[in-house]
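The values are calculated or read from the model by the stated rules, or taken from the named source; none is laboratory data. From a predicted model like this one, the values you see are computed outputs, not experimental measurements. Cβ coordinates were reconstructed from backbone atoms using ideal geometry, including for glycine residues, and neighbour counts include every protein chain displayed.
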């Protein structure tokens, strides 16, 4: 196992982290997987309050086998749960109880996609609360996970002295969500990055088009599609740890084998050419050939055009309700919604799109696919619950 040093605190973290959301439901299988991961050198385990049973399962395994001191635990609290100052202790105390520990190594504000949401938490007194927990050693590091557009990511980075953050990033989404620009901006601020979604929910491994598979099979070196994707991420020296939701022993063994010799800044021109060929083959299979370049932004009506089109593309490869929930999270749960149906067809974006996409038309398609009759009522009540 390779390790990278967290420049903020000196922690030596395995470049491969285990996402506990997809641990096997069978406790014996889950225990075998966690213990094997630790044996193989993985020392970063990620969970969250809203992952059903995940905190309880992980905490029980670590306590029963006396492994807590050997690993770093990352868990998360969603802003929607925090309505008043007292809620911060309420949920943290529950998480400590579930995890059977008296401290959290990496504590996330979960899915923070709007700077104004952080402003609301700040107004409730979260910064005072964080300082108190840090002084007592209960929270060791504070960060946030992110699903959203590029501009809000920068605002959030600048809103607090974060100690780490986690973004959705892979070779197909180099320019989507926070993207490479966000990654480099966080790095310029000295903020270490964890990465989720390295295989795009399995899309970069399962059901690849033949032309993409050919790009890999004809490459100068034999690597599986997942190995290409993971090595591309670890080629970034800015990335501290890549999370994988491993749920089987075989998946663990395969990923650990890759992580045992993956180096930063080790890709050759040939390597990049192979991945680019596979990427272009994948782009041809998606609905809209948007590259996330952001030339179309800002939209006069407030639509987050690249994010909307990215969600529309994803909807072709995911279960419908999963696609809708991701679309809502990335575009609707903002202080001001940025959904596709806000488009008024002005065409300003189309005049400057390098891909010559008929953006207004594709936004209508996006709204038709992802904003069904139940969408806006759901968003209305969800936004009230989240106090947006």
- Across (1) in a helix (DSSP H, G or I); (2) over 20 Å from the mean Cα position of the chain (by Cα), residue 329 clears everything bar (2)
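If you scan the range 97-118, which residues turn out to be part of a helix (DSSP H, G or I) and within 22 Å of residue 194 (Cα to Cα)? Let's see the steps before the verdict.
As a first pass, look at the range 97-118 and keep what is part of a helix (DSSP H, G or I): 97-99, 115-118.
Listed by number, the residues that qualify are 99, 115, 117, 118.
Looking at 139, 130, which is the one that is in contact with a helix residue (DSSP H, G or I) (Cβ under 6 Å, 6 or more places away or on another chain) and without any contact (Cβ under 8 Å) to a residue 60 or more places away in the chain?
Working: 130 fails: in contact with a helix residue (DSSP H, G or I) (Cβ under 6 Å, 6 or more places away or on another chain).
Only one candidate passes the filter, namely 139.
Of all residues in the range 155-186, how many are part of a loop (DSSP other than H, G, I, E, B) and touching a residue at least 60 places away in the same chain (Cβ under 8 Å)? If you could, list the steps in order and put the result at the bottom.
First, pick out the residues of the range 155-186 that are part of a loop (DSSP other than H, G, I, E, B): 159-163, 169-178.
Now drop any that are not touching a residue at least 60 places away in the same chain (Cβ under 8 Å), which leaves 163, 169-177.
Here the count works out to 10.
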- Among the helices (runs of 4 or more DSSP H) confined wholly to the range 187-275, which include 3 or more residues that are in the same structural domain as residue 17 (by TED's automatic domain parsing) and under 24 Å from residue 25 (Cβ atoms)? 249-259
- Note on the structure: Going through (1) over 18 Å from the mean Cα position of the chain (by Cα); (2) under 28 Å from residue 337 (Cβ atoms); (3) not in a helix (DSSP H, G or I) one by one, residue 121 fails only at (3)
- Quick one: how many residues across the range 206-260 are surrounded by 16 or more Cβ atoms within 10 Å (Cβ to Cβ), farther than 30 Å from residue 7 by Cβ and within 23 Å of the chain's Cα centre (by Cα)? 3
- Query: If we scan the range 49-67, do we find a residue that is touching a residue at least 60 places away in the same chain (Cβ under 8 Å), assigned by TED's automatic domain parsing to the domain that holds residue 20 and under 25 Å from the mean Cα position of the chain (by Cα)?
  - Reply: yes
- Could you tell me which numbered condition residue 83 fails, if it satisfies all but one of (1) in contact (Cβ under 8 Å) with a residue 12 or more places away in the chain; (2) part of a loop (DSSP other than H, G, I, E, B); (3) closer than 21 Å to residue 140 by Cβ? (3)
- Query: Which residues, counting only those in the range 349-388, are in contact (Cβ under 8 Å) with a residue 60 or more places away in the chain and not in a helix (DSSP H, G or I)?
  - Reply: 354, 355, 357, 387, 388
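Kindly establish whether residue 144 is in a helix (DSSP H, G or I), under 28 Å from residue 229 (Cα atoms) and without any contact (Cβ under 8 Å) to a residue 40 or more places away in the chain.
Working: in a helix (DSSP H, G or I): no; under 28 Å from residue 229 (Cα atoms): yes; without any contact (Cβ under 8 Å) to a residue 40 or more places away in the chain: yes.
Spelling it out, it is not the case that residue 144 is in a helix (DSSP H, G or I), under 28 Å from residue 229 (Cα atoms) and without any contact (Cβ under 8 Å) to a residue 40 or more places away in the chain.
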